[in-house]
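Only the coordinates and a few stated rules stand behind these numbers; no lab work does. Note that the structure is a prediction, hence the values are computed from the model and not measured. Here the Cβ is made from the backbone with ideal geometry for all residues, glycine too, and neighbour counts use every protein chain on show.
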């Protein structure tokens with residue numbers, strides 16, 4: 001029922017955009033039809049099925065421009081063959097105004113900050129991790145937020161202020177289709193508490209001697225939930241909640257040698273537990289990223305990354321950790337790469353993404369082959385391979401390895 005209502009709202013928003021476009025406005029319509037399938041290669045799902053994903057999806061994009069105003073809508077309709085139901089998803093729907101020294105964008109929009117490739121230092125906006133782990137196109141990694149975004153431009157610096165009145169969480173994998181780590185699987189009475197407040201972010205950026213520099217400030221909440229049992233000795237109920245969070249970060253990128261060097265850092269201030277004595281709330285931490293992208297030869301790009309997390313108040317964390325819970329390390333260094341090679345006049349793309357956390361053996365490997373049959377039709381096949389400790393981000397998914405196939409027709 002909820003999915004049907006969402007689909008109806010998507011149609012209504014599209015119709016409103018068309019109706020609101022002035023007669024003199026330029027209107028463009030585009031979209032695609034797509035089939036997505038992801039089949040297990042390491043065993044069945046928790047629900048006993050052999051498929052992670054099997055759906056047909058259609059996307060409609062409308063853009064109306066007139067003078068300084070622009071309206072944009074991107075919505076999906078889909079049918080899930082596993083659950084045998086359909087629905088809709090409003091991915092983006094906003095109106096923006098562009099002035100001489102500022103711009104304003106209001107509505108659902110995708111906001112991306114930072115420089116990492118599947119590594120999130122200053123990008124604090126919601127993700128869709130399930131989409132990533134079943135091989136959907138990377139455009140589905142980010143979730144839109146209902147926000148007001150104000151941009152202001154000056155000789156000193158440029159400013160981007162994001163006001164999100166209602167918090168929106170990241171989407172984590174469905175426990176029916178993915179094997180997820182659960183320290184208390186016997187407790188079935190569970191509830192989720194979402195923040196009643198919104199969040200706010202500010203990005204300040206400018207060019208410094210040919211390098212792109214930025215500062216980031218955010219005040220809101222963690223996008224993935226923490227869990228708190230009502231008792232550690234005999235729990236009967238688990239409550240999921242989103243801890244308070246502030247972040248302060250910076251980034252710098254530009255040409256160095258034959259490639260582009262990117263550096264990024266952030267401090268994650270766990271406002272709900274700055275002392276680190278509450279085991280249910282993530283400790284404050286520092287995140288660092290160094291990346292280098294180059295093109296050794298024509299049609300081949302290579303991106304190398306080194307990422308590190310350092311937990312604050314580690315002694316307090318160890319002292320408050322309940323017996324039997326997995327122990328995280330203070331330092332978590334991760335190395336990663338993405339290699340992409342094009343063939344046949346760039347109609348064939350062969351790519352590999354891989355990351356490895358040296359502290360807990362957490363690893364994720366994603367090779368993919370994509371071929372463009374025509375300008376409008378392409379297909380892709382790839383594999384998601386996970387590994388590591390049972391409680392790690394990727395290690396918990398070791399039984400969720402899958403092979404995925406996509407076909408898209410664009411119009």
From DSSP H assignment alone, runs of 4+ in the chain each adding -39500 (n - 2.57), the sum over residues rounded to the nearest 500 puts [θ] at 222 nm at -2000 deg cm²/dmol
Gain upon complete extension [residue 377, residue 184; 0.36 nm per residue less C-alpha separation]
64.9 nm
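Using 0.36 nm per residue of separation minus the Cα-Cα distance, give me the extension gain between residue 153 and residue 217 in nm, one decimal. Show your work: numbers first, answer last.
Details: separation 64, 0.36 × 64 = 23.04 nm, distance 1.77 nm.
So the extension gain works out to 21.3 nm.
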Between the modelled labels at residue 267 and residue 350 (7 Å from Cα along Cα→Cβ) the distance in nm is 4.7 nm
1/(1 + (r/R0)^6) with r = Cβ-Cβ of residue 41 and residue 207, R0 = 41 Å, i.e. FRET efficiency to nearest 0.05, evaluates to 0.30
Please give the contour-minus-distance gain from residue 102 to residue 331: 0.36 nm per residue of separation, less the Cα-Cα distance, rounded to one decimal in nm.
78.3 nm
Per the C-alpha gyration tensor (a ≥ b ≥ c, the square roots of its eigenvalues), region 97-185 is rounded if a/c is under 1.5, else prolate if a/b beats b/c, else oblate; here it's prolate
Simple SL model, points at 7 angstrom along Cα→Cβ for residue 277 and residue 339; separation in nm is 5.1 nm
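Which of the peptides 201-211, 127-137 is most tightly packed, and how do the rest follow, going by the mean number of other Cβ atoms within 10 Å of each residue? Provide the component values of the computation, followed by the final result.
Details: 201-211: 14.4, 127-137: 19.7.
Ranked from most to least packed, the peptides come out as 127-137, 201-211.
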Describe numerically, in nm with one decimal, the distance between label points set 7 Å from Cα along Cα→Cβ at residue 391 and at residue 316.
2.0 nm
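Is region 44-126 best put as rounded, prolate or oblate by its Cα gyration tensor, with a ≥ b ≥ c the root eigenvalues, rounded for a/c under 1.5, and otherwise prolate when a/b is larger than b/c, oblate when not?
Details: a/c = 4.25, a/b = 1.69, b/c = 2.51.
Oblate.
Which FRET efficiency, nearest 0.05, do residue 138 and residue 68 yield, Cβ-Cβ r, R0 35 Å?
On the way: r = 31 Å, r/R0 = 0.89.
Plugging the Cβ-Cβ distance into 1/(1 + (r/R0)^6) gives 0.65.
Checking the a/c ratio against 1.5 first, then a/b against b/c, what shape does the Cα gyration tensor give for the chain? Show your work: numbers first, answer last.
Numbers: a/c = 1.29, a/b = 1.19, b/c = 1.09.
It is rounded, given that a/c, with a ≥ b ≥ c, falls under 1.5.
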